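Student: Quick one: structure below, then a few questions.
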Amino acid sequence: MDTDGSAGEGLRMTHIHNWALDDAANLAAVLNNKKIHDNLRDALPFPYTVDDARSYIQFVLDIPKDSAYYWAIVCGNKVIGSIGLLRKDNVHRLTAELGYYIAEPHWGKGIATGAVREACAWAFANTDIARIFAEPFAQNVASCRVLEKAGFSFEDVMRNNAIKNGAVIDMRLYALLRENGKGGKGSAKCNGGD
């Protein structure tokens, strides 16, 4: 999915688009940051190489239709992050888990919030997903704020729910329901704020 990120006055806007193998070098640059890894699950290697990025993008391109949806978050023509929805199965088949990250130079500018809004609006308009949830680490206040600004409701604290960097930590549960998640165009200025 590509959305028109044109800004008018020469400012580059962000949007989400489908991954391409050409995005690998930018993705590797984004993920070679310990601060980002400290707020993600342990499946990602660190340091993160261009080969790791190519493998990830090929995995995304090969995913069976309707099991997951992954996009690059782009500013101009440069990847600055990633966002995805992983559909659950069995009795949870109308539920999807949201995950995202943004390159550190773009933190605090409303870009993650815009990408979350855009991805959720797309999911509710184009799939039968009824509920989207996210489980940020409780100490990741910025990610919790992104979800709140994107319309997610805080549901609970999941105590001692994860082990990250050798510590047992809490996670927070947020959700957005179809009837509350109309979303909208999620673009934000690459060099501006919320």
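Student: Can you tell me which residue is nearest to residue 171 (Cα to Cα) among those in region 1-40 that are loosely packed, with under 13 Cβ neighbours inside 10 Å, within 17 Å of the chain's Cα centre (by Cα) and at pLDDT 90 or above?
Tutor: The selected residue is 35.
Student: State yes or no: is residue 143 over 17 Å from residue 172 (Cα atoms), among the hydroxyl-bearing types (Ser, Thr, Tyr), under 13 Å from the mean Cα position of the chain (by Cα) and crowded, with 16+ Cβ neighbours inside 10 Å?
Tutor: Values: over 17 Å from residue 172 (Cα atoms): no; among the hydroxyl-bearing types (Ser, Thr, Tyr): yes; under 13 Å from the mean Cα position of the chain (by Cα): yes; crowded, with 16+ Cβ neighbours inside 10 Å: yes.
Answer is no for this residue.
Student: Please specify each residue of region 92-117 satisfying the condition of being in a strand (DSSP E or B) and closer than 17 Å to residue 28 by Cβ. Break it down stepwise before answering.
Tutor: Within region 92-117, the first condition is being in a strand (DSSP E or B), and the residues that meet it are 95-102.
Those that are in a strand (DSSP E or B) and closer than 17 Å to residue 28 by Cβ: 101, 102.
Student: To continue, here is another question. Residue 124 - would you say it is farther than 30 Å from residue 45 by Cα and at pLDDT 95 or above?
Tutor: Judged against the criteria, residue 124 is a match.
Student: Quick check on my filter: what residues within region 131-153 are part of a helix (DSSP H, G or I) and aliphatic (A, V, I, L, M)?
Tutor: The answer is 141, 142, 146, 147.
Student: Taking the condition of being more than 26 Å from residue 131 (Cβ to Cβ) and surrounded by 15 or more Cβ atoms within 10 Å (Cβ to Cβ), how many residues in region 57-71 meet it?
Tutor: Residues flagged as more than 26 Å from residue 131 (Cβ to Cβ) and surrounded by 15 or more Cβ atoms within 10 Å (Cβ to Cβ) within region 57-71 amount to 1.
Student: Take region 103-129 and flag every residue that is of a type in the set (A, V, I, L, M) and more than 25 Å from residue 37 (Cβ to Cβ).
Tutor: Once the filter is applied, which keeps residues that are of a type in the set (A, V, I, L, M) and more than 25 Å from residue 37 (Cβ to Cβ), region 103-129 yields 121, 123, 125, 129.
Student: Quick check on region 174-191. Is at least one of its residues at pLDDT below 95, within 17 Å of residue 102 (Cβ to Cβ), loosely packed, with under 14 Cβ neighbours inside 10 Å and not acidic (Asp, Glu)?
Tutor: Yes, because at least one residue in region 174-191 is at pLDDT below 95, within 17 Å of residue 102 (Cβ to Cβ), loosely packed, with under 14 Cβ neighbours inside 10 Å and not acidic (Asp, Glu).
Student: Give all pairs with beta carbons closer than 6 Å in which a residue from region 76-91 that is within 21 Å of residue 26 (Cβ to Cβ) meets a residue that is among the charged types (D, E, K, R) and at pLDDT 95 or above; count only pairs at least 6 apart in sequence or on separate chains.
Tutor: Partner pairs satisfying both residue conditions: 79/23.
Student: For residue 156, which of the numbered conditions (1) under 16 Å from the mean Cα position of the chain (by Cα); (2) in a strand (DSSP E or B) fails to hold?
Tutor: The one condition residue 156 does not meet is (1).
The values are calculated or read from the model by the stated rules, or taken from the named source; none is laboratory data. As the structure is a computational prediction, the values presented were derived from the model and not from experiment. Reconstructed Cβ throughout: ideal geometry from the backbone, glycine too, with neighbour counts over all protein chains shown.
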